[in-house]
1. In square angstrom, rounded to the nearest 10, how much accessible surface does Cys113 have for a 1.4 Å probe?
2. Using helices alone, I'd like the mean residue ellipticity at 222 nm for the chain: each DSSP H run of four-plus residues gives -39500 (n - 2.57), total over residue count, nearest 500.
3. May I ask for the distance between the Cα centers of segment 95-130 and segment 206-232, given as a whole number of Å?
4. Rounded to the nearest 0.05, what FRET efficiency is calculated for Val257 and Lys358 with R0 set to 41 Å and r the Cβ-Cβ distance?
5. Restricting the count to DSSP beta bridges whose residues both fall in segment 75-171, what percent are antiparallel, rounded to a multiple of 5?
6. Quick check for you: with a 1.4 Å probe and neighbouring chains kept, what is the accessible area per residue of the chain, in Å²?
7. Pairing the Cα long axis of helix 315-324 with the longest principal axis of the chain, what angle in degrees results, from 0 to 90 and rounded to the nearest 10?
8. In the neighborhood of Glu317, defined by Cβ-to-Cβ distances under 12 Å, what is the net charge if each Lys or Arg adds +1 and each Asp or Glu adds -1?
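The values are calculated or read from the model by the stated rules, or taken from the named source; none is laboratory data. What you see is a predicted model, and the numbers here were worked out from it, not measured in a lab. Cβ coordinates were reconstructed from backbone atoms using ideal geometry, including for glycine residues, and neighbour counts include every protein chain displayed. Calculation scope for accessible area: heavy atoms of the full protein, side chains included, ligands and nucleic acids excluded. Shrake-Rupley method; radii C 1.70, N 1.55, O 1.52, S 1.80 Å.
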Amino acid sequence: MKFARLLTNTDDLLMNSKKNDLKIVSMQDVEATAIKWLWAGWLPLGKMTILAGAGGCGKTNISLALIATITSGGVFPDGMQCENSGEVLIYSTEDDPSDTLKPRLIANGANLCKVSFIAGRTNKDGKLESFDPAKDFPKIEQYIIENPDLKLLMIDPIISAVSGDMNKANDVRRSLKPLVDLANQYGFAILGITHFAKGSANNNPADRILGSQAFSALARMAWTAVYRESEGDHILVRAKSNISTLEGGIRYQLESVIIADEIEATKTVWLGKVEGYARGLLNSAELDAGDHNSAIDIAKDFLIELLSGVDKLPAKEVKNQAKNAGLSIASLRRAQERLNIKPFRVCGEKEWFWSLPKIYHLNEPTHF
């Protein structure tokens with residue numbers, strides 16, 4: 001009996017050791033495959049891409065413009081045709097779907113039938129609850145299986161998908177690695193949006209991403225976006241890439257448009273390519289921005305002088321006069337934001353107006 005029991009224990013040990021054995025694969029047995037791209041050289045399928053930048057540079061808007069290209073089978077900013085058009089899933093904790101995301105998608109020309117967003121999750125009683133990305137993202141696998149045409153998952157901001165401390169590499173990896181594995185398994189791209197870390201100017205662009213370095217380590221591609229004061233435009237560049245060149249970028253502007261006759265939205269206008277590398281282009285842009293912000297200051301003075309003598313002025317008229325004065329739309333929008341000018345409509349009218357807050361009126365007395 002003891003001998004039989006010993007044999008049984010030995011067999012169990014052998015079986016358990018086989019279950020726990022490492023799987024070693026010879027490189028001879030690995031099939032070499034090419035990188036698959038959603039946007040050639042920029043947005044790889046099956047991998048995660050991070051988009052980082054300072055506030056106000058339109059990170060969400062350029063992402064929605066790219067979504068428009070992907071869902072409509074259009075042309076990317078560098079002139080490349082989208083050859084892998086399909087569906088997009090959005091998870092956003094910062095923008096409302098009805099008054100921000102949808103108007104911007106329409107303005108950018110997206111095929112809304114191919115865009116969905118995560119609105120929550122249902123509990124065992126069928127009631128809608130808040131979506132907890134740290135716990136619930138694995139549940140999107142069923143959605144992916146049912147929607148095999150999914151090409152992109154956009155997460156804004158990417159830190160919302162992290163359970164724990166976004167500054168700790170282990171927490172970031174533990175939260176995002178399962179998502180990256182899903183992307184690799186089902187062949188869709190992940191685009192995560194985030195901000196620059198404070199006080200990171202002049203650092204290596206990839207090191208400026210907010211939070212742990214695990215964000216850029218897990219991503220095979222990292223983009224940065226920045227406003228160029230001297231040029232009156234924005235640029236999108238590749239800050240890190242393990243799978244393509246880092247040379248060159250894309251110029252763009254953000255333009256205000258009216259959709260459905262009454263809703264003001266913002267769209268991205270692509271302006272073509274720019275030569276250079278991320279670090280040089282970013283450093284140059286930020287040096288210009290620190291030089292008294294002259295273009296924005298000029299635009300602010302223009303708006304104060306134009307609007308201080310009237311109760312209101314049609315938005316179209318403001319923009320036409322700014323254009324005639326040689327001001328860029330980007331500088332005008334920055335000046336509008338800094339002066340806290342809020343576009344509004346008069347009851348019963350479809351036209352939008354701008355009005356200067358009283359504090360800036362030239363004929364108003366100033367008290368100290």
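1. Cys113 has an accessible surface of roughly 130 Å² with all protein chains in place.
2. Working: 11 runs with 119 residues, N = 368.
Calculated mean residue ellipticity at 222 nm is -9500 deg cm²/dmol.
3. For segment 95-130 versus segment 206-232, the Cα centre distance is 26 Å.
4. Numbers: r = 29 Å, r/R0 = 0.70.
The pair Val257/Lys358 has a calculated efficiency of 0.90.
5. Working: 3 of 12 bridges.
So the antiparallel bridges amount to about 25 percent of the total.
6. Details: 19940 Å² over 368 residues.
It amounts to 54 Å² per residue over the chain.
7. Helix 315-324 sits roughly 80 degrees off the main axis of the chain.
8. Working: positive: Lys312, Lys316, Lys319, Lys323; negative: Glu351.
Computed value for this residue: +3.
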